[in-house]
């Protein structure tokens, strides 16, 4: 088959996943190494465990650990004292200007992708992206984010004790193959809010 003809054939389902996880691909290797692992807060946690949850939340939603002046000290204290759970802490970080401003700097469809990648660990399905954008226009970005956090999918995936993490790279939990491929195309390391601009539209 000629090279020109081969290049014109559409990629088969799963091609994005194959490319991301191809063993001989250095980029694929880096992606495998940087996939998140679940971080869960057990009952009666120690300070180190709480600190791990706090750091994992900042990295998942903001793609970095924060400077002292940026940290949500009140929310961290509430988590340390057991006044809120992990889901409550995630909600406070997601409603903070640091997170909102990052989404507001993105084009609408990229903002929807960024929100779902950060909060649900996967790309949005078309209907979800449309609903996110409609809610954002009608009621504002904080409400659109709250709907994700209050969704059955969030509760099923993370309950009240687990930091969101990248989980949209497999179909075993009921995520459609199209969403898996989209997540793989968007994935670029731990940057939950950095969807590939060529893939997020």
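With respect to the stated conditions, residue 13 is loosely packed, with under 13 Cβ neighbours inside 10 Å, at negative phi, modelled with pLDDT under 90 and touching a helix residue (DSSP H, G or I) at 6+ places or on another chain (Cβ under 9 Å).
On inspection, residue 123 qualifies as at pLDDT below 95 and surrounded by 21 or more Cβ atoms within 10 Å (Cβ to Cβ).
All told, residue 66 falls short of being modelled with pLDDT of 85 or more and buried (at least 18 other Cβ atoms within 10 Å of the Cβ).
Taking (1) under 22 Å from residue 162 (Cα atoms); (2) surrounded by fewer than 18 Cβ atoms within 10 Å (Cβ to Cβ) in turn, residue 59 satisfies each apart from (2).
Where helices (runs of 4 or more DSSP H) fall wholly inside the range 65-133, the ranges with 3 or more residues that are in contact (Cβ under 8 Å) with a residue 12 or more places away in the chain and over 18 Å from residue 161 (Cβ atoms) are 97-104, 108-120.
Here residue 118 passes the criteria (1) within 16 Å of the chain's Cα centre (by Cα); (2) at pLDDT 95 or above; (3) closer than 17 Å to residue 53 by Cβ except the one numbered (2).
Being in contact with a helix residue (DSSP H, G or I) (Cβ under 9 Å, 6 or more places away or on another chain), more than 18 Å from residue 60 (Cβ to Cβ) and modelled with pLDDT under 95 narrows it down to one of 134, 185, 191, so name that one. Of the residues listed, the single one that is in contact with a helix residue (DSSP H, G or I) (Cβ under 9 Å, 6 or more places away or on another chain), more than 18 Å from residue 60 (Cβ to Cβ) and modelled with pLDDT under 95 is 185. Of all the criteria given as (1) part of a helix (DSSP H, G or I); (2) touching a residue at least 60 places away in the same chain (Cβ under 8 Å); (3) under 30 Å from residue 134 (Cβ atoms), the one not satisfied by residue 53 is (3).
Looking across the range 73-85, the residues that are out of contact with any helix residue (DSSP H, G or I) (no Cβ under 6 Å at 6 or more places or on another chain) and surrounded by 15 or more Cβ atoms within 10 Å (Cβ to Cβ) come down to 78, 85. For residue 31, the conditions (1) at pLDDT below 90; (2) surrounded by fewer than 18 Cβ atoms within 10 Å (Cβ to Cβ); (3) assigned to a helix (DSSP H, G or I) all hold with the exception of (2).
The values are calculated or read from the model by the stated rules, or taken from the named source; none is laboratory data. Keep in mind that this is a model prediction, so the values were computed, not measured. Cβ sites come from the backbone with ideal geometry, for glycine too, and all protein chains shown count toward neighbours.
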